[in-house]
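Novice: Dumping the structure here so I can ask a few things about it.
The values are calculated or read from the model by the stated rules, or taken from the named source; none is laboratory data. Predicted, not measured: the structure shown is a model, and the values here were computed from it. Note: ideal-geometry Cβ built from the backbone for every residue, glycine included; neighbour counts use all protein chains shown. The protein model used for the area step is the full one, side chains on, heavy atoms only, and it has no ligands, DNA or RNA in it. Shrake-Rupley method; radii C 1.70, N 1.55, O 1.52, S 1.80 Å.
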Amino acid sequence: MGDPIPLLEDLIKIDSSGKTGANKAVDYCAKWLMNRGLEVKNIENNGYRMLVCEVGKGDNTIVLNGHVDVIEADKEQFQPYVKEGKMYGRGSVDMKAGVATMMETISHIKDRNIGTRVMLQIVPDEETGGVNGTKFLTEKGYIGDFIICGEPTNFGIAIQSKGVLQLDFEIYGKPAHGSRPWEGHNAIKKAYDLYENILKLPFAVETAPPMYDKPSINLAKLKGGTVYNKVPVKCKMSLDIRYLPDQSPEEIFNQIQEITEGHVKIHICNGPVKTRKDNPYVESLAESIKNHTQLEKINIYGQHGSNDGQFFTKYGGSAVEFGPVGFDWHGEKEMVYVDSVREYQEVLKDFVQSFDNRKT
């Protein structure tokens, strides 16, 4: 089986922080796969390119889902280097290491008689919501029974993720001269008071042990005022709410709307991931991790952030995040441990090839 590190290095060199670069990375992956005798379906949606590559046969489908898009970074971060067993570079762990190992894995198993279908999906827009990529693919029928999103998890298995509810507000006050603020009603202060009251609503204090102690509520944007000597009459505010897997976004919106004096509208509403810990695929994956790492106990947990696995759940698929060991993704020193990338590849290979021997 090929070493994924040279491929990872090539992928990091592609600045895929925008649509053009992400498309370039997908094209590179398609050419790499075809050069190794694999059949690739090149798909485009709204100018975004993605690919699907399938091997194996059987009634069940395992999806290996990876995104090549990254967030913006300095030019130097697209020049990967290895130091003390760690590869540095934008996208090294989030998640071009996952993509490279998935590509090497599917190349390795293409001529083997495995008892399941394995579908590789490489998409261009997870960092911006996944609507044009994975969501589009699932709507076109590219779905599976078990989905591994190769996000960085340090060899843990993230079986849950919070849902996403992003809201935009327009809050209104009463203008007055800046020297006499008590004669007006400051829209910025009203907006911030609303935010603090939202933190006290019933949904905001719910818990979901052992995975989560509360939802995440981020005050993402606050903009108001025009000049120094006038009490602000209008304020725009945006919240990024990551709600618990069993919470209802409709109920959360209703609770917020009831205490809002002004306008509130939904910007994005994406679902959670709620895969069970005793899911047979999860148990099999944990067994493969133990077989090829030094870990004796596997960390099975819930992610605060979202991932493309959310789009498979409405079609009956069970999704997880599982990836190699790295740190500082989206940071200036993003890196992945080289040995963990190779171990990750062994885990994926073991998982899909021993499918016939496991009860699923």
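Novice: Which one of these is closer than 29 Å to Phe351 by Cα, touching a residue at least 12 places away in the same chain (Cβ under 8 Å) and part of a loop (DSSP other than H, G, I, E, B): Pro232, Pro245?
Specialist: Pro245
Novice: Let me ask you something else. Is at least one residue of region 313-322 surrounded by 20 or more Cβ atoms within 10 Å (Cβ to Cβ), among the hydrophobic types (A, V, I, L, M, F, W, C) and under 27 Å from Glu9 (Cα atoms)?
Specialist: Yes.
Novice: Take the residues of region 160-183 that are in a strand (DSSP E or B) and among the aromatic types (Phe, Trp, Tyr): which is surrounded by the most Cβ atoms within 10 Å (Cβ to Cβ)?
Specialist: Phe169
One line per residue, one yes/no per condition, for (1) within 15 Å of the chain's Cα centre (by Cα); (2) over 30 Å from Met237 (Cβ atoms); (3) among the charged types (D, E, K, R):
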{"site": "Pro152", "(1), (2), (3)": "yes, yes, no"}
{"site": "Gly163", "(1), (2), (3)": "yes, no, no"}
{"site": "His177", "(1), (2), (3)": "no, no, no"}
{"site": "Trp182", "(1), (2), (3)": "no, no, no"}
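Novice: I've got another one for you. Answer with yes or no whether Gly2 is at pLDDT below 95 and surrounded by 21 or more Cβ atoms within 10 Å (Cβ to Cβ).
Specialist: no
Novice: Sort out which residues of region 69-92 are closer than 22 Å to Leu33 by Cβ and of a type in the set (Val, Ile, Thr), and write them in order of number.
Specialist: Val70
Novice: If I filter region 42-57 for residues that are surrounded by fewer than 18 Cβ atoms within 10 Å (Cβ to Cβ) and closer than 24 Å to Leu348 by Cβ, do I get at least one hit?
Specialist: For region 42-57, residues surrounded by fewer than 18 Cβ atoms within 10 Å (Cβ to Cβ) and closer than 24 Å to Leu348 by Cβ: present.
Novice: Considering only residues that are in contact (Cβ under 8 Å) with a residue 24 or more places away in the chain and under 21 Å from the mean Cα position of the chain (by Cα), which ones fall in region 22-46?
Specialist: Across region 22-46, the qualifying residues are Ala22, Asn23, Ala25, Val26, Cys29, Ile43, Asn45, Asn46.
Novice: Further question: Which residue, of Val123, Val99, Val131, Val68, is of a type in the set (A, V, I, L, M, F, W, C), under 26 Å from His304 (Cα atoms), out of contact with any Phe, Trp or Tyr (no Cβ under 7 Å at 6 or more places or on another chain) and open to solvent by 10 Å² or more (accessible area, probe 1.4 Å)?
Specialist: When all the criteria are applied, what remains is Val131.
Novice: What is the residue count in region 260-291 for residues that are more than 26 Å from Leu167 (Cα to Cα) and open to solvent by 60 Å² or more (accessible area, probe 1.4 Å)?
Specialist: So the answer is 7.
Novice: Are there any pairs with C-beta distances below 8 angstrom linking a residue in region 57-83 that is modelled with pLDDT under 95 to a residue that is of a type in the set (Phe, Trp, Tyr) and open to solvent by less than 10 Å² (accessible area, probe 1.4 Å), with the two at least 6 apart or on different chains, and if so which?
Specialist: Asn60/Phe146
Novice: How about region 196-241: which of its residues are farther than 30 Å from Ala158 by Cα and either surrounded by 13 or more Cβ atoms within 10 Å (Cβ to Cβ) or modelled with pLDDT under 95 (or both)?
Specialist: Across region 196-241, the qualifying residues are Asn197, Leu222, Gly224, Gly225, Lys230, Val231, Pro232, Val233, Lys234, Cys235, Lys236, Met237.
Novice: Look through region 131-183, keep the residues that are among the hydroxyl-bearing types (Ser, Thr, Tyr) and in contact (Cβ under 8 Å) with a residue 60 or more places away in the chain, and return whichever of them is nearest to Leu348 (Cα to Cα).
Specialist: Out of the qualifying residues, it is Thr153.
Novice: Condition test on Glu151, is it among the charged types (D, E, K, R), in contact with a strand residue (DSSP E or B) (Cβ under 7 Å, 6 or more places away or on another chain) and in a strand (DSSP E or B)?
Specialist: So Glu151 fails the test.
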